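*Asks:* Next up is a structure, given as C-alpha coordinates.
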Amino acid sequence: MKATHFYDFSPKEDSFRSDVLKGLSLETKTLSPKYFYDQRGSELFEQICQQPEYYPTDTEIGILHENRTEIAQLSGTGCELVEFGCGASKKIRVLLEGLRPKTYIGVDISREFLIESTNRLSSDYPWLEVHGLCADLCEPITLAKPSDGQRIGFYPGSSIGNFEPDDAIEMLRNFKSLLGPGGTLLIGVDLKKDDRILTAAYNDSADITAQFNLNVLERMKGELGAVVDTSAFEHRAFYNERLGRIEMHLVSTQPQRIEIDGEAFLFEEGESIHTESSYKYTVSEFQALCWRAGYEALKCWTDDDALFSVHLLRVTGG
Ligand SMILES: C[S@@+](CC[C@H](N)C(=O)[O-])C[C@H]1O[C@@H](n2cnc3c(N)ncnc32)[C@H](O)[C@@H]1O
(Lines give C-alpha, C1' and ligand atoms only; values in the text may rest on other atoms or scores of the structure.)
Protein backbone atom coordinates (compact mmCIF):
# COMPACT_ATOMS: atom_id res chain seq x y z
CA MET A 1 0.00 0.00 0.00
CA LYS A 2 1.26 3.49 -0.82
CA ALA A 3 1.33 6.54 1.42
CA THR A 4 -2.03 8.21 0.90
CA HIS A 5 -0.59 11.56 -0.17
CA PHE A 6 2.86 12.95 -0.73
CA TYR A 7 3.55 16.68 -0.83
CA ASP A 8 6.89 17.80 -2.18
CA PHE A 9 8.31 21.09 -0.95
CA SER A 10 11.91 19.78 -0.98
CA PRO A 11 14.53 22.50 -0.75
CA LYS A 12 16.02 23.30 -4.15
CA GLU A 13 19.58 22.29 -5.09
CA ASP A 14 20.21 26.06 -5.25
CA SER A 15 19.75 26.48 -1.51
CA PHE A 16 22.26 23.69 -0.76
CA ARG A 17 24.76 25.37 -3.10
CA SER A 18 24.27 28.88 -1.74
CA ASP A 19 24.33 27.71 1.90
CA VAL A 20 27.57 25.78 1.30
CA LEU A 21 29.20 28.74 -0.46
CA LYS A 22 28.10 31.03 2.37
CA GLY A 23 29.04 28.60 5.15
CA LEU A 24 32.53 27.94 3.82
CA SER A 25 33.15 31.70 3.52
CA LEU A 26 32.59 32.28 7.24
CA GLU A 27 35.51 32.83 9.56
CA THR A 28 34.51 29.62 11.38
CA LYS A 29 33.50 27.47 8.44
CA THR A 30 30.02 26.11 9.19
CA LEU A 31 27.39 23.93 7.53
CA SER A 32 23.86 23.19 8.71
CA PRO A 33 23.29 19.62 9.98
CA LYS A 34 20.20 19.43 7.79
CA TYR A 35 22.58 18.75 4.88
CA PHE A 36 23.65 15.40 6.36
CA TYR A 37 20.34 13.96 5.26
CA ASP A 38 20.14 12.57 1.78
CA GLN A 39 19.17 8.90 1.36
CA ARG A 40 22.61 7.70 2.50
CA GLY A 41 22.69 10.17 5.41
CA SER A 42 19.29 8.98 6.61
CA GLU A 43 20.40 5.35 6.35
CA LEU A 44 23.59 6.12 8.27
CA PHE A 45 21.55 7.87 10.97
CA GLU A 46 19.48 4.68 11.37
CA GLN A 47 22.74 2.76 11.84
CA ILE A 48 23.93 5.29 14.44
CA CYS A 49 20.74 4.58 16.40
CA GLN A 50 21.82 0.93 16.65
CA GLN A 51 25.29 1.63 18.02
CA PRO A 52 25.77 0.62 21.68
CA GLU A 53 27.20 4.04 22.59
CA TYR A 54 24.23 5.94 21.13
CA TYR A 55 21.82 5.79 24.09
CA PRO A 56 19.24 8.47 22.96
CA THR A 57 17.16 6.27 20.62
CA ASP A 58 16.55 3.27 22.89
CA THR A 59 16.15 5.51 25.93
CA GLU A 60 13.55 7.70 24.25
CA ILE A 61 11.65 4.66 22.95
CA GLY A 62 11.73 3.21 26.49
CA ILE A 63 10.24 6.42 27.94
CA LEU A 64 7.53 6.54 25.28
CA HIS A 65 6.68 2.89 25.80
CA GLU A 66 6.50 3.08 29.58
CA ASN A 67 4.29 6.17 29.52
CA ARG A 68 2.25 5.56 26.38
CA THR A 69 -1.08 5.29 28.22
CA GLU A 70 -0.62 8.54 30.10
CA ILE A 71 0.66 10.28 26.96
CA ALA A 72 -2.53 9.26 25.14
CA GLN A 73 -4.72 10.35 28.05
CA LEU A 74 -3.10 13.77 28.27
CA SER A 75 -2.83 14.40 24.52
CA GLY A 76 -6.28 13.17 23.57
CA THR A 77 -7.10 10.59 20.93
CA GLY A 78 -8.46 10.80 17.41
CA CYS A 79 -6.32 13.83 16.56
CA GLU A 80 -4.30 14.75 13.54
CA LEU A 81 -0.68 13.88 14.29
CA VAL A 82 2.23 15.72 12.70
CA GLU A 83 5.71 14.28 13.18
CA PHE A 84 8.53 16.73 12.54
CA GLY A 85 11.81 15.29 11.22
CA CYS A 86 10.20 11.84 11.25
CA GLY A 87 13.08 9.93 9.60
CA ALA A 88 12.18 6.22 9.66
CA SER A 89 8.94 6.95 11.65
CA LYS A 90 9.83 4.19 14.13
CA LYS A 91 9.22 5.92 17.45
CA ILE A 92 5.67 6.93 16.62
CA ARG A 93 4.74 3.25 16.33
CA VAL A 94 4.98 2.99 20.13
CA LEU A 95 2.17 5.56 20.45
CA LEU A 96 -0.11 4.86 17.50
CA GLU A 97 -2.43 2.30 19.10
CA GLY A 98 -2.95 4.53 22.16
CA LEU A 99 -3.34 7.82 20.31
CA ARG A 100 -5.38 6.33 17.46
CA PRO A 101 -4.90 9.45 15.33
CA LYS A 102 -7.13 9.83 12.28
CA THR A 103 -4.28 11.20 10.21
CA TYR A 104 -0.49 11.04 10.38
CA ILE A 105 1.63 13.62 8.57
CA GLY A 106 5.35 12.82 8.51
CA VAL A 107 7.53 15.84 7.70
CA ASP A 108 11.15 15.42 6.66
CA ILE A 109 13.79 16.95 4.42
CA SER A 110 15.11 13.59 3.15
CA ARG A 111 12.74 12.96 0.26
CA GLU A 112 13.27 9.34 -0.86
CA PHE A 113 13.71 8.11 2.69
CA LEU A 114 10.47 9.85 3.70
CA ILE A 115 8.58 8.21 0.83
CA GLU A 116 9.86 4.79 1.96
CA SER A 117 9.05 5.32 5.62
CA THR A 118 5.55 6.73 5.08
CA ASN A 119 4.79 3.88 2.67
CA ARG A 120 5.92 1.35 5.29
CA LEU A 121 3.81 3.02 7.96
CA SER A 122 0.80 3.07 5.70
CA SER A 123 1.01 -0.64 4.95
CA ASP A 124 1.65 -1.58 8.60
CA TYR A 125 -1.31 0.54 9.88
CA PRO A 126 -4.09 0.17 7.30
CA TRP A 127 -6.55 2.08 9.53
CA LEU A 128 -4.34 5.19 9.48
CA GLU A 129 -4.41 7.88 6.80
CA VAL A 130 -0.72 8.57 6.16
CA HIS A 131 0.71 11.67 4.49
CA GLY A 132 4.31 12.57 3.72
CA LEU A 133 5.45 16.17 3.49
CA CYS A 134 8.98 16.78 2.24
CA ALA A 135 9.92 20.21 3.52
CA ASP A 136 12.60 22.15 5.37
CA LEU A 137 11.51 22.80 8.94
CA CYS A 138 13.71 25.89 8.98
CA GLU A 139 11.10 27.50 6.73
CA PRO A 140 7.57 28.11 8.03
CA ILE A 141 5.20 25.30 7.04
CA THR A 142 1.49 25.77 6.47
CA LEU A 143 -1.11 23.03 6.63
CA ALA A 144 -4.87 23.22 6.18
CA LYS A 145 -6.72 23.20 9.52
CA PRO A 146 -7.54 19.64 10.68
CA SER A 147 -11.09 18.76 9.64
CA ASP A 148 -12.11 18.23 13.26
CA GLY A 149 -10.35 17.76 16.56
CA GLN A 150 -6.93 18.90 17.69
CA ARG A 151 -3.54 18.56 16.14
CA ILE A 152 -0.65 16.93 18.05
CA GLY A 153 2.97 17.56 17.13
CA PHE A 154 5.68 14.98 17.75
CA TYR A 155 9.33 16.00 17.50
CA PRO A 156 11.54 13.16 18.74
CA GLY A 157 15.28 12.48 18.57
CA SER A 158 16.36 15.68 20.35
CA SER A 159 16.54 17.33 16.94
CA ILE A 160 15.54 20.59 18.64
CA GLY A 161 19.05 20.52 20.16
CA ASN A 162 20.54 21.06 16.69
CA PHE A 163 19.36 24.66 16.76
CA GLU A 164 20.90 27.58 18.60
CA PRO A 165 18.56 28.23 21.56
CA ASP A 166 17.08 31.41 19.98
CA ASP A 167 16.49 29.54 16.71
CA ALA A 168 14.91 26.67 18.66
CA ILE A 169 12.44 29.19 20.14
CA GLU A 170 11.69 30.49 16.65
CA MET A 171 11.08 26.96 15.40
CA LEU A 172 8.78 26.13 18.34
CA ARG A 173 6.87 29.34 17.55
CA ASN A 174 6.47 28.18 13.93
CA PHE A 175 5.13 24.83 15.17
CA LYS A 176 2.59 26.71 17.31
CA SER A 177 0.84 28.17 14.31
CA LEU A 178 0.46 24.64 12.89
CA LEU A 179 -0.77 23.17 16.15
CA GLY A 180 -3.25 25.95 16.90
CA PRO A 181 -4.48 27.18 20.30
CA GLY A 182 -4.67 24.31 22.78
CA GLY A 183 -2.65 22.03 20.49
CA THR A 184 -0.03 19.81 22.09
CA LEU A 185 3.59 19.05 21.29
CA LEU A 186 5.42 15.93 22.45
CA ILE A 187 9.14 16.52 22.15
CA GLY A 188 12.23 14.45 22.99
CA VAL A 189 15.19 16.32 24.48
CA ASP A 190 18.60 14.97 25.44
CA LEU A 191 19.62 15.83 29.01
CA LYS A 192 22.85 17.30 30.35
CA LYS A 193 24.95 14.52 31.87
CA ASP A 194 28.45 13.14 32.43
CA ASP A 195 30.36 14.33 29.36
CA ARG A 196 32.02 10.90 28.92
CA ILE A 197 28.62 9.41 28.08
CA LEU A 198 27.90 12.27 25.69
CA THR A 199 31.26 12.14 23.97
CA ALA A 200 31.10 8.36 23.50
CA ALA A 201 27.64 8.64 21.90
CA TYR A 202 29.04 10.85 19.12
CA ASN A 203 32.24 8.82 18.67
CA ASP A 204 30.97 5.27 18.21
CA SER A 205 33.67 2.68 17.86
CA ALA A 206 32.28 1.45 14.52
CA ASP A 207 32.87 4.96 13.09
CA ILE A 208 29.30 5.25 11.77
CA THR A 209 28.98 8.82 13.09
CA ALA A 210 32.25 9.63 11.33
CA GLN A 211 30.81 8.36 8.03
CA PHE A 212 27.61 10.30 8.68
CA ASN A 213 29.61 13.49 9.27
CA LEU A 214 31.75 12.95 6.15
CA ASN A 215 28.59 12.32 4.10
CA VAL A 216 28.05 16.06 3.76
CA LEU A 217 31.33 16.26 1.78
CA GLU A 218 30.16 13.36 -0.41
CA ARG A 219 26.93 15.27 -1.07
CA MET A 220 28.93 18.35 -2.02
CA LYS A 221 30.91 16.25 -4.51
CA GLY A 222 27.89 14.46 -5.95
CA GLU A 223 25.36 17.28 -6.03
CA LEU A 224 27.48 20.41 -6.36
CA GLY A 225 30.45 19.06 -8.31
CA ALA A 226 32.76 20.15 -5.48
CA VAL A 227 36.41 19.18 -5.75
CA VAL A 228 37.32 17.90 -2.31
CA ASP A 229 39.62 15.23 -0.93
CA THR A 230 37.32 13.62 1.63
CA SER A 231 40.14 11.39 2.86
CA ALA A 232 41.93 14.51 4.14
CA PHE A 233 39.11 15.36 6.55
CA GLU A 234 38.37 13.54 9.78
CA HIS A 235 35.45 13.43 12.19
CA ARG A 236 35.76 15.15 15.56
CA ALA A 237 33.04 15.40 18.23
CA PHE A 238 33.40 16.79 21.75
CA TYR A 239 31.32 18.30 24.52
CA ASN A 240 31.58 22.06 24.87
CA GLU A 241 30.82 22.41 28.58
CA ARG A 242 30.54 26.21 28.54
CA LEU A 243 27.87 26.20 25.83
CA GLY A 244 26.24 22.93 26.93
CA ARG A 245 26.48 21.33 23.52
CA ILE A 246 28.15 18.56 21.59
CA GLU A 247 29.99 19.96 18.60
CA MET A 248 30.73 17.96 15.50
CA HIS A 249 33.46 19.10 13.14
CA LEU A 250 35.22 17.91 10.01
CA VAL A 251 38.88 18.62 10.62
CA SER A 252 41.31 19.10 7.77
CA THR A 253 44.32 16.83 8.33
CA GLN A 254 46.52 18.88 5.96
CA PRO A 255 46.59 22.27 4.22
CA GLN A 256 44.14 21.94 1.33
CA ARG A 257 41.31 23.55 -0.61
CA ILE A 258 37.72 22.77 -1.52
CA GLU A 259 36.68 24.08 -4.92
CA ILE A 260 33.10 24.78 -5.93
CA ASP A 261 32.06 26.69 -9.05
CA GLY A 262 35.64 27.92 -9.49
CA GLU A 263 35.71 29.35 -5.98
CA ALA A 264 38.43 28.00 -3.65
CA PHE A 265 38.03 27.64 0.12
CA LEU A 266 41.39 27.24 1.81
CA PHE A 267 42.03 25.14 4.91
CA GLU A 268 45.03 25.14 7.18
CA GLU A 269 46.02 21.86 8.81
CA GLY A 270 43.71 21.40 11.83
CA GLU A 271 41.11 23.89 10.60
CA SER A 272 37.59 22.55 10.69
CA ILE A 273 34.07 22.87 9.32
CA HIS A 274 31.56 23.00 12.18
CA THR A 275 28.86 20.61 10.95
CA GLU A 276 26.56 20.13 13.95
CA SER A 277 25.78 21.37 17.42
CA SER A 278 23.60 19.31 19.71
CA TYR A 279 22.50 21.34 22.72
CA LYS A 280 21.75 19.47 25.93
CA TYR A 281 19.22 20.84 28.42
CA THR A 282 18.16 20.21 31.98
CA VAL A 283 14.39 19.74 32.34
CA SER A 284 13.96 23.24 33.77
CA GLU A 285 16.18 24.90 31.15
CA PHE A 286 14.07 23.35 28.41
CA GLN A 287 10.79 24.26 30.07
CA ALA A 288 11.97 27.88 30.35
CA LEU A 289 12.80 27.88 26.62
CA CYS A 290 9.33 26.50 25.79
CA TRP A 291 7.65 29.09 27.98
CA ARG A 292 9.43 31.81 25.98
CA ALA A 293 8.11 30.19 22.79
CA GLY A 294 4.54 30.26 24.10
CA TYR A 295 3.98 26.78 25.54
CA GLU A 296 3.06 25.54 29.00
CA ALA A 297 4.62 22.35 30.33
CA LEU A 298 1.98 19.66 30.91
CA LYS A 299 4.31 16.83 31.91
CA CYS A 300 7.89 15.64 31.57
CA TRP A 301 9.02 12.03 31.69
CA THR A 302 12.63 10.85 32.03
CA ASP A 303 14.31 7.44 32.30
CA ASP A 304 15.70 6.13 35.60
CA ASP A 305 19.27 7.09 34.66
CA ALA A 306 18.23 10.66 33.75
CA LEU A 307 19.71 10.36 30.26
CA PHE A 308 16.80 11.68 28.21
CA SER A 309 13.55 13.60 28.63
CA VAL A 310 10.21 13.66 26.83
CA HIS A 311 8.12 16.80 27.35
CA LEU A 312 4.43 17.23 26.70
CA LEU A 313 3.66 20.90 26.05
CA ARG A 314 0.49 22.81 25.32
CA VAL A 315 0.24 25.91 23.17
CA THR A 316 -0.75 28.92 25.24
CA GLY A 317 -2.24 32.13 23.89
CA GLY A 318 1.19 33.89 23.89
C1 LIG B 1 18.30 13.14 14.36
S2 LIG B 1 17.32 12.54 13.06
C3 LIG B 1 15.89 11.96 13.96
C4 LIG B 1 15.08 10.94 13.20
C5 LIG B 1 13.89 10.39 13.99
N6 LIG B 1 12.91 11.42 14.25
C7 LIG B 1 14.36 9.81 15.29
O8 LIG B 1 14.04 10.37 16.33
O9 LIG B 1 15.05 8.77 15.26
C10 LIG B 1 16.73 14.05 12.37
C11 LIG B 1 15.66 13.90 11.29
O12 LIG B 1 15.19 15.19 10.93
C13 LIG B 1 15.32 15.39 9.54
N14 LIG B 1 15.71 16.80 9.36
C15 LIG B 1 16.88 17.37 9.73
N16 LIG B 1 16.85 18.69 9.46
C17 LIG B 1 15.64 18.94 8.90
C18 LIG B 1 15.00 20.11 8.40
N19 LIG B 1 15.62 21.29 8.41
N20 LIG B 1 13.75 20.01 7.90
C21 LIG B 1 13.11 18.81 7.86
N22 LIG B 1 13.66 17.66 8.33
C23 LIG B 1 14.90 17.72 8.83
C24 LIG B 1 16.36 14.43 9.05
O25 LIG B 1 16.19 14.08 7.70
C26 LIG B 1 16.16 13.25 10.01
O27 LIG B 1 15.22 12.36 9.53
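*Asks:* Using a basic spin-label model with each label point 7 Å from the Cα along Cα→Cβ, how many nm lie between residue 138 and residue 97?
*Replies:* Here the answer is 4.0 nm between the modelled labels.
*Asks:* Oh, and also: Past the 21 Å Cα-Cα mark, which pairs from 102/145; 12/34; 29/192; 12/91?
*Replies:* 29/192; 12/91
*Asks:* Which residue fluctuates most in the GNM of the chain (Cα springs below 10 Å): 205, 272, 117?
*Replies:* Comparing 205, 272, 117 in the GNM, the peak value goes to 205.
*Asks:* Return the single residue from 204, 195, 304 with maximal mean-square fluctuation; model: Gaussian network over the chain, springs between Cα atoms under 10 Å.
*Replies:* 304
*Asks:* Here's a follow-up. Quick one: accessible area per residue over the range 121-162, 1.4 Å probe, rounded to a whole number of Å²?
*Replies:* Per residue, the range 121-162 has an accessible area of 42 Å².
*Asks:* Mind pulling the angle between the C-alpha long axis of helix 283-293 and the longest principal axis of the chain? Nearest 10 degrees, somewhere in 0 to 90.
*Replies:* 80 degrees
*Asks:* To continue, here is another question. Output the 0 to 90 degree angle, nearest 10, between the alpha-carbon long axis of helix 39-49 and the longest principal axis computed from the alpha carbons of the chain.
*Replies:* 70 degrees
*Asks:* Heavy atoms only, probe 1.4 Å: what % of the accessible area of the chain goes to carbon and sulfur, would you let me know?
*Replies:* Details: 6990 of 14160 Å².
That share works out to 49 percent.
*Asks:* To test your reading of the geometry: what angle, between 0 and 90 degrees and rounded to tens, separates the Cα axis of helix 165-179 from the longest principal axis of the chain?
*Replies:* 40 degrees
*Asks:* Not counting the cut sites, what is the longest span of the chain without GluC sites (Glu not before Pro) that DSSP labels loop and that have at most 13 other Cβ atoms within 10 Å? The partial results should precede the final answer.
*Replies:* Values: sites that count: 27, 241, 268, 269.
The answer is 28-240.
*Asks:* Over the range 203-318, consider all pairs of different Cα atoms and compute the Kirkwood hydrodynamic radius from their mean reciprocal separation; express it in Å, one decimal. It would help to have the intermediate numbers written out before the result.
*Replies:* Details: mean 1/r = 0.0584 Å⁻¹.
Final number for the Kirkwood radius of the range 203-318 is 17.1 Å.
*Asks:* From largest to smallest, what semi-axes in whole angstrom does the range 123-207 give when each is the square root of 5 times an eigenvalue of its alpha carbon gyration tensor?
*Replies:* 30, 18, 12
The values are calculated or read from the model by the stated rules, or taken from the named source; none is laboratory data. Keep in mind it's a predicted model, so treat the numbers as computed, not measured. Cβ: placed from backbone, ideal geometry, glycine included. Neighbour counts: every protein chain shown. Side chains included, ligands, DNA and RNA excluded: accessible areas come from the protein's heavy atoms. Shrake-Rupley method; radii C 1.70, N 1.55, O 1.52, S 1.80 Å.
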